[in-house]
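J.: Take a look at the following structure, please.
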Amino acid sequence: MRLLPALPLAARGGRAVAAAIALLFLAGDAPEAGGGQSSAPGVPACDPDNGGLELPDGFCALVVADGLGGIRHIDVAANGDIYIRNRGVRGGRGEATGDGIVALRDADGDGRAEVIERFGDDFGSGLELRDGYLYASTSTEVFRYALTPGRLVPTGQPELIVSGFPVQRGHRDKAFAFDEDGNIYVNVGAPSNACQQRARTAGSPGRQPCPERERQASVWRFDADRPGQTQADDGYKFAHGTRNLLGMAWDPATRAVYAMQHGRDSLATLFGSYFDYAESAELPSEELFRLRDGADFGWPYCYYDHFLDRRVLAPEYGGDGEAEGDCGRYERPLVAFPGHWAPHDMLFYTGDQFPERYRDGAFVAFHGSWNRAPMEQQGYQVAFAPRRDGEFTGKWETFAGGFAAESPLVSPQDAAHRPAGIGQGPDGSVYVTDDAGGRVWRIVYRGM
């Protein structure tokens, strides 16, 4: 087994940066965090402790609402109304009790949600506003509500846009994104970890070819405005070889859809002769992709190793952690993050409140790991991946931390908060949701 090289500062989760900032606070040299100050006229005062978040200098945060349940993806309307998807329990349409979507309104302009309404008899993760409609998804459908100006909650019934996705237990959430040409792109996750003949069984080989790549492990394109579509009859397989993409976003600057992949699990427990637990904790990478028509990202045959800086054969298909095989034929990631951080959402910032450097890059909300044991669990942050002249540099940095609170974190159940959704408000503020504590933060820039 090879020794893993030391990670650069950013890839170590920014712990050294956080420690340095903490020392500055103790010395009294750092600017006051939050402290009730506003970043600009019309921007609300922040919480003295930033709602528990650790942010770069010049930023502060306030808690918009708390205790909302298993909330995931978020979007903010032009008037400031907030809509959040509630994942709730596992299941599809008809299993909830009218709280599948949470709607928030700040009635007095203080940045807090005084009005909280719930609607929708279904649970899920995907949600986005588009052209006067609120789109949401279950594990097998995408539907939309027509919104009425001035009203927080829609009055009509949802309209079914796409249905007929496979019923599956694993990786069932249907994240989606829109382009500017009237299309919707829907993630159909792989139902397994690595397409083994016997799922999650030590030493079991992978199926060849993997049948899950036919209708799953792929991204499908549909007409965003045509009701009554099905995957089988109306879908177009746009990209494939993707294990599970929960973070998807359209970038108007490059006119392309990007996505964050959840990498496979359990290298050490399934193939301990090739991998130790330290390697299994760090590998494979969580990958940021640009989705192109016909692109193949190689799941389940290959995975990306950010230490080797290349794709290698999965052990189910003859790999040993080093062998490349024909993996060079598959698309490379634009940015590779440490393993098992669980990217749940992403955002291309288009506002003008944040400093200019944040207007050319992507924010990624990492839900945090569950399977790095016996090593410490990691992730639990919002990261920023910068670009230069429209091209990702391959680097990343921690933008918002402090979600887990517990340190060292041994079990994900001990995390106070787990980021699950990220959205942008009309004034350029950034909102982050948490499905462990049900909290919503609003992050603003107040200047240096």
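J.: Taking amide H positions as placed in the peptide plane 1.01 Å from N, state which residues far from Ala420 in sequence (5 or more) or on other chains have amide H under 5 Å from it.
T.: Residues meeting the amide H criterion: Thr433, Asp434, Asp435.
J.: Turning to a different aspect of this structure: Would you pull out the residues with amide H under 5 Å of Val335's amide H, same chain only if 5 or more places away, H placed 1.01 Å from N?
T.: Here Leu288 satisfy the definition.
J.: Tell me what the chain gives for mean residue ellipticity at 222 nm when only DSSP H runs of n ≥ 4 count, each as -39,500 (n - 2.57), the sum divided by the residue total, rounded to 500 deg cm²/dmol. Don't skip to the answer; put the middle values down first.
T.: Values: 4 runs with 27 residues, N = 448.
The per-residue figure over the chain is -1500 deg cm²/dmol.
J.: Classify the stretch 157-255 from the C-alpha gyration tensor, please: rounded if a/c falls under 1.5, else prolate or oblate depending on whether a/b exceeds b/c. It would help to have the intermediate numbers written out before the result.
T.: Details: a/c = 2.44, a/b = 1.81, b/c = 1.35.
Because a/c hits 1.5 or more and a/b exceeds b/c, the stretch 157-255 counts as prolate.
J.: Mind listing the phi-derived Karplus ³J(HN,Hα) values for the stretch 197-212, rounded to whole Hz, using 6.51, -1.76 and 1.60 with θ = phi - 60°, and x for any glycine or proline?
T.: Those phi angles translate into 5, 10, 4, 6, 10, 4, x, 5, x, x, 6, 9, x, 7, x, 5 Hz.
J.: What distance in nm separates the two pseudo spin-label positions at Ala416 and Asp57, each 7 Å out from Cα along the beta-carbon direction?
T.: Result for the modelled spin labels: 2.5 nm.
J.: Starting from the Cα of Ile116, move 7 Å in the Cα-to-Cβ direction to define the label point; list residues of the stretch 49-72 whose amide nitrogen is under 13 Å from there.
T.: In the stretch 49-72, the label zone of Ile116 (backbone N under 13 Å from the point 7 Å along Cα→Cβ) covers 63-71.
J.: Further, regarding this structure: What list do you get for His344, His73 if you sort them by fewest beta carbons within 10 Å? Can you show the working numbers first?
T.: On the way: His344 27, His73 30.
So the residues, fewest neighbours to most, are His344, His73.
J.: Placing one identical point scatterer on every Cα of the stretch 97-214 and ignoring solvent, what is log10 I(q)/I(0) from the Debye formula at q = 0.16 Å⁻¹?
T.: So the normalised log intensities are -0.85.
J.: Would you work out the relative contact order for the chain, in percent, from Cα pairs under 8 angstrom that are 6 or more residues apart? Walk me through the numbers on the way to the answer.
T.: Numbers: 1219 pairs, mean separation 68.4, N = 448.
Relative contact order comes out at 15 percent.
J.: List every residue whose amide H lies under 5 Å from the amide H of Phe238, counting only residues 5 or more places away in sequence or on a different chain, with H placed 1.01 Å from N in the peptide plane.
T.: When sequence neighbours closer than 5 places are left aside, the close amide H contacts are Val219, Trp220, Arg221.
J.: Using only the Cα atoms of the chain, build the gyration tensor, take square roots of its eigenvalues as a ≥ b ≥ c, and label the shape rounded, prolate or oblate: rounded if a/c is under 1.5, else prolate if a/b is larger than b/c, else oblate.
T.: On the way: a/c = 1.74, a/b = 1.15, b/c = 1.51.
It comes out oblate by the Cα gyration axes.
J.: Right, another one. Can you run phi through the Karplus equation (6.51, -1.76, 1.60; θ = phi - 60°) for the stretch 178-193 and list ³J(HN,Hα) in whole Hz, with x for Gly and Pro?
T.: 10, 9, 9, 10, x, 10, 10, 10, 10, 6, 10, x, 5, x, 10, 6
J.: Taking θ as phi - 60°, what are the ³J(HN,Hα) couplings along the stretch 395-410 by the Karplus curve (6.51, -1.76, 1.60), each to the nearest whole Hz, with x for Gly and Pro?
T.: Working through the residues one at a time gives 9, 8, 8, 6, 9, 10, x, x, 5, 5, 6, 6, 8, x, 8, 8 Hz.
J.: Pop a pseudo-label 7 angstrom from the Cα along the beta-carbon direction at both Gln157 and Arg255 and give the gap in nm to one decimal.
T.: Distance between the two pseudo-spin positions: 3.9 nm.
J.: Now a separate question. Can you compute the FRET efficiency between Thr201 and Asn79 using 1/(1 + (r/R0)^6), with r the Cβ-Cβ distance and R0 = 60 Å? Round to the nearest 0.05. List each step's numbers first, then the result.
T.: On the way: r = 53 Å, r/R0 = 0.88.
Step by step, r from the Cβ atoms, then E = 0.70.
A short reminder: the numbers here are calculations on the coordinates, not readings from a lab. A quick note: this is a predicted structure, and the numbers were derived from the prediction, not measured. Glycine gets a Cβ as well: all are built from the backbone with ideal geometry, and neighbour counts include every protein chain shown.
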